[in-house]
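This report concerns only the one structure given below.
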Amino acid sequence: MTNGAILNGRDKIRKVLQNFIDKGGSQEQIANSYYSTLIENLDCDKTIHKAVEVTSGSKLFYQIAENDKIDNIIVQEMNQLPDEVTFIPINILMYKKYPETNDAISMINKNYDTKNKMKLLSKKDSRFPMEKL
C-alpha cells in the first residue's frame, strides 16, 4: 500500500464511521467498536521507533476493530468507495510468548492503548498469528 493509499483509506474510514455515528443507535455502536490504526494504538520507547517502523512496514496502518463481525460491516460499507484498507479483528489475534534474551526486545511487551479494554492478547486463532504482525 502506498502512502497515498494509506491516507485515502484513512479518510474513507473516517467518512464511513461518521455515517454510522450520524445514523445513531446500533450503527453508532459499530463506529464505537473501531479502534483506529495499529500505529495509533502502539506505544514504544523512542529508541526503537525506527526498528518498529522497518519491521512492521505498512502493517502499522492496519485498522483495528473489536471483532470480525464489526470488521465485515465496516468493510462492506467501505467497499462502496474507492481505495483499500486492511483490518485486524481483535477477536482472532493470537499471542505468542517469546523467549527472554538480551539480544532483542519483544514488542508484545510494550504498552498498547487499551481503548474500551481492547482484548488484544485474549483470543487465540491460528489463522492470524501475532508474530505475522
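Which members of the range 2-35 meet the condition of being loosely packed, with under 14 Cβ neighbours inside 10 Å, among the small types (G, A, S) and closer than 20 Å to S58 by Cβ?
G4
Please tell me if N8 is within 17 Å of the chain's Cα centre (by Cα) and either assigned to a helix (DSSP H, G or I) or among the hydroxyl-bearing types (S, T, Y) (or both).
In short, yes.
Please enumerate the residues belonging to the range 49-103 that are hydroxyl-bearing (S, T, Y), modelled with pLDDT of 80 or more and surrounded by fewer than 16 Cβ atoms within 10 Å (Cβ to Cβ).
Answer for the range 49-103, where residues must be hydroxyl-bearing (S, T, Y), modelled with pLDDT of 80 or more and surrounded by fewer than 16 Cβ atoms within 10 Å (Cβ to Cβ): T55, S58.
Of the residues D45, D22, which single one is more than 14 Å from F87 (Cβ to Cβ), out of contact with any Pro (no Cβ under 9 Å at 6 or more places or on another chain) and in contact (Cβ under 8 Å) with a residue 40 or more places away in the chain?
Step by step, each of D45, D22 is checked, and only D45 is more than 14 Å from F87 (Cβ to Cβ), out of contact with any Pro (no Cβ under 9 Å at 6 or more places or on another chain) and in contact (Cβ under 8 Å) with a residue 40 or more places away in the chain.
Going by what's in this entry, would A51 be described as aliphatic (A, V, I, L, M) and in contact (Cβ under 8 Å) with a residue 24 or more places away in the chain?
Spelling it out, it is not the case that A51 is aliphatic (A, V, I, L, M) and in contact (Cβ under 8 Å) with a residue 24 or more places away in the chain.
The values are calculated or read from the model by the stated rules, or taken from the named source; none is laboratory data. What you are looking at is a predicted structure, and each value in this text was computed from that prediction instead of being measured. In this analysis, Cβ positions are derived from the backbone assuming ideal geometry, glycine residues included, and neighbour counts consider all displayed protein chains.
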